[in-house]
Structure formats: structure tokens, C-alpha cells
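Okay, here's the structure, questions in a sec.
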């Protein structure tokens, strides 16, 4: 019997024998880029989600702690009804299966994104970073994330090496930009797949267990330059400017618009480099290849930003000459619309 089957038996035993629930049916709800799995449970007592987080792989206490922190900041996160720390199970409120990505189109985007901006503002303005207990997004963490791009995408998947002088310059620029920003509570995966469409108090926010204290533009660029859906450059910049004004009026920032835009652009580049590395790792190591379809879109954001900053010209040239020419691997992937509404050719 597979280990996953043993965990499923253990989960049902906990629900039926420890919690005395009457289970009518259950089914996989989703899995993510970690070792966590989720099950939708239909029971006499109602409908729930069970998180299956193997204790040797996942820290379930972190999820519980961050859920409480965000709830206290009026962010709508799933209620935790029961917990089993020994076996790694949580009984959670069911937010349904309709995420922003399923609903986003020209007619719905304004309302959905406004609710996302409102929730992000709550998280940034109501969460005290002095006593929240979250780890800091420091230089070692930023550097480790950049390592993922080099190790898994460039070296292991494309089998190419980036010159140390070019890569060192990119790393210095991105890390410096991230660390000079004002700090706030950062969800760290604030995008269309982790915002759930609800009838009341939408959005429901999920996948928050990796939250940190970090750069103020991180979640904003995660939302607006989403790895899973792209919007025209002018629209993204308008949303960014509107949110900048909101932060400025709330005295959460004091920077000029130009400096804020530079932070936003370079923070997005840092995140997208990490994301491409993670997508490659999921494919090569974990056999989860569905995320490969999102690499062209994500890569297009990076190439667009590089073209706007002369200090990134060397990296831009490397991407054009080495990465975008790796047709044997990349040409089989879908062509993605970039953040400027044009198409990137692989």
C-alpha cells in the first residue's frame, strides 16, 4: 500500500473515530507545490477541507500561527476547526473551488482586483511587524531564492552556465533593491490561484504559511504580474500607481513614484526568477510538469524589465543569446503574452 493511501486511512480514522464525524464522501480537493495535500470532506456535520501535511515534511504549526495573525488583521482566512499536530492534519473551513484565476476577465477584473487591493492593504496596515513573530526576508533568503533559478532552470534543465560577472551583478541589484524597501507583512504567494471568490467577505486567502516580514512591493507585484495571467502594461502600471497613492496617504511609504516603480519592477524580477526555478524543480525533481506552461509568461516579465534598466543590459543579452535560443526545450512550450501585450518568441 502506498504511503499516500496510509495517510488517507489515518486521516479518515481521525475524522471518524477521534472527531466522531459521519463522513458521507471525500475527494481530493487540490495539491500544491509542496508536500501538502487537501481533501474535500462531505459529512453530516457539514462540508470541510482537510489539510494533509506530513509532519516530517511540513510545519503545520506555522500555518496555524500565520492564520491567527492574518485573521487578527481582518484578512479572511479559513477557520481552523480541529487540529492534529501529531499526524499533521487540520480540519478547515471550505472556501470552495472557485479562485480568481477561474473568474478573471475584462468584465470582472476591476471588482476582483479591488477586493484584492483592499485585503492586501489590511494585511500591510493592520499587521504589526514588531511583534508578529514572522521571519524576516533577509539577504540569505533572497540569495537562496536566486540560487533556485540558477541551479534548476539554467544548470539542470537548460544545461547552460551564466557568467559569474553577469549573475553577480543581477543578484547585487535585486537584493539591494529588496532590502532598501519599507518592511511589511508579506503573504509571499499573493496571486490569482490563492485568492478565492466567495459570496461574502471575498476574497478568501489561502496558502499563506510562508509569510514573512519583507519588502512592501512584493505582494503587489505578485498580484499584478501574476505568473498565471497577464494584463496590459498600461493597466498594470495604473493599478500600481493607484496603490502607491494609497500607501502614501496611509504613510506606509515616503518614496517618490519613480523609486517605488523601480522597487516594484525589480521585486517582480526577483520573484519571477525564483518562480521559474521552482517550476523547473517541480518538473525535474517532483514530476509535476503542469507549471512548465507558465514559464514563457514569467520569462517575458523578466525580459521586459531587463530592457528598461541599463544596468541589467548584460543579463538581458545573456537571456536573448542563451536562454531564448534554447529551442530544443523551450520551443515546445506555449507562446505567452507578456506584460506589455506583445508576444515573446521562444
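Residue-wise test of (1) closer than 21 Å to residue 142 by Cα; (2) part of a helix (DSSP H, G or I); (3) not assigned by TED's automatic domain parsing to the domain that holds residue 110.
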position	(1), (2), (3)
226	yes, no, no
255	no, no, no
277	yes, yes, no
288	no, no, no
295	yes, yes, no
305	yes, yes, no
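Now a separate question. Among the listed residues 168, 204, which satisfies the condition of being touching a residue at least 24 places away in the same chain (Cβ under 8 Å) and either more than 30 Å from residue 78 (Cβ to Cβ) or touching a strand residue (DSSP E or B) at 6+ places or on another chain (Cβ under 6 Å) (or both)? Explain how you work it out, then say what you get.
Values: 168 fails: touching a residue at least 24 places away in the same chain (Cβ under 8 Å).
After ruling out the rest, the residue left standing is 204.
Output the residue which, of all residues in the range 177-201 that are over 14 Å from the mean Cα position of the chain (by Cα) and assigned to a loop (DSSP other than H, G, I, E, B), is nearest to residue 227 (Cα to Cα).
Looking at the filtered set, the residue picked out is 197.
Which members of the range 13-29 meet the condition of being in contact (Cβ under 8 Å) with a residue 12 or more places away in the chain, over 12 Å from residue 90 (Cα atoms) and not in a loop (DSSP other than H, G, I, E, B)? Spell out the reasoning first.
First, the residues of the range 13-29 that are in contact (Cβ under 8 Å) with a residue 12 or more places away in the chain: 14-15, 18-19, 21-29.
Now drop any that are not over 12 Å from residue 90 (Cα atoms), which leaves 18, 21-29.
Passing the criteria: 18, 23, 24, 25, 26, 27, 28, 29.
Here is a further query. Is it fair to say residue 159 is farther than 27 Å from residue 93 by Cα, surrounded by fewer than 20 Cβ atoms within 10 Å (Cβ to Cβ), assigned by TED's automatic domain parsing to the domain that holds residue 263 and touching a residue at least 60 places away in the same chain (Cβ under 8 Å)?
No.
Limited to the range 202-224, what total is found for residues that are in contact with a helix residue (DSSP H, G or I) (Cβ under 6 Å, 6 or more places away or on another chain) and assigned to a loop (DSSP other than H, G, I, E, B)?
Residues in the range 202-224 being in contact with a helix residue (DSSP H, G or I) (Cβ under 6 Å, 6 or more places away or on another chain) and assigned to a loop (DSSP other than H, G, I, E, B): 6 in total.
Looking only at the range 234-251, how many residues end up being surrounded by 15 or more Cβ atoms within 10 Å (Cβ to Cβ) and within 16 Å of residue 124 (Cα to Cα)?
Number satisfying all stated conditions: 6.
A follow-up question, please. With respect to the numbered conditions (1) touching a helix residue (DSSP H, G or I) at 6+ places or on another chain (Cβ under 6 Å); (2) modelled with pLDDT of 95 or more; (3) surrounded by fewer than 15 Cβ atoms within 10 Å (Cβ to Cβ), which one is the sole condition not fulfilled by residue 289?
(2)
Sticking with this structure for a sec: Given the criterion crowded, with 18+ Cβ neighbours inside 10 Å and outside the structural domain of residue 283 (by TED's automatic domain parsing), identify the matching residue among 52, 13, 24, 87.
Testing whether each residue is crowded, with 18+ Cβ neighbours inside 10 Å and outside the structural domain of residue 283 (by TED's automatic domain parsing) leaves just 52.
Now, a different point. Only one of (1) outside the structural domain of residue 202 (by TED's automatic domain parsing); (2) within 26 Å of residue 199 (Cα to Cα); (3) touching a helix residue (DSSP H, G or I) at 6+ places or on another chain (Cβ under 7 Å) is not met by residue 104, so which one is it?
(1)
Next up: Among what's in the range 69-84 and is over 18 Å from the mean Cα position of the chain (by Cα) and outside any loop (DSSP other than H, G, I, E, B), pick the residue that is surrounded by the fewest Cβ atoms within 10 Å (Cβ to Cβ).
In this case the residue turns out to be 72.
One line per residue, one yes/no per condition, for (1) more than 19 Å from residue 19 (Cα to Cα); (2) part of a loop (DSSP other than H, G, I, E, B):
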| residue | (1), (2) |
| --- | --- |
| 48 | no, no |
| 65 | yes, no |
| 101 | yes, no |
| 106 | yes, yes |
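Does the range 133-141 contain any residue that is assigned by TED's automatic domain parsing to the domain that holds residue 280, more than 30 Å from residue 71 (Cβ to Cβ), out of contact with any strand residue (DSSP E or B) (no Cβ under 6 Å at 6 or more places or on another chain) and free of Cβ contacts under 8 Å to residues at least 60 places away in the same chain?
yes
Further, regarding this structure: Would you confirm whether or not the range 32-40 contains a residue that is buried (at least 17 other Cβ atoms within 10 Å of the Cβ) and touching a residue at least 40 places away in the same chain (Cβ under 8 Å)?
Looking through the range 32-40, at least one residue is buried (at least 17 other Cβ atoms within 10 Å of the Cβ) and touching a residue at least 40 places away in the same chain (Cβ under 8 Å).
Related question: Kindly establish whether residue 108 is closer than 14 Å to residue 203 by Cα and surrounded by fewer than 16 Cβ atoms within 10 Å (Cβ to Cβ).
So residue 108 fits the description; yes.
Quick grid of which residues meet (1) at pLDDT 95 or above; (2) more than 22 Å from the chain's Cα centre (by Cα); (3) not in a loop (DSSP other than H, G, I, E, B):
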site: 235; (1), (2), (3): yes, no, yes
site: 246; (1), (2), (3): yes, yes, yes
site: 251; (1), (2), (3): yes, yes, no
site: 262; (1), (2), (3): yes, no, yes
site: 300; (1), (2), (3): no, no, yes
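The values are calculated or read from the model by the stated rules, or taken from the named source; none is laboratory data. The structure displayed is predicted, hence computed values, not measured ones. Backbone-built Cβ (ideal geometry, glycine too); neighbour counts: all protein chains shown.
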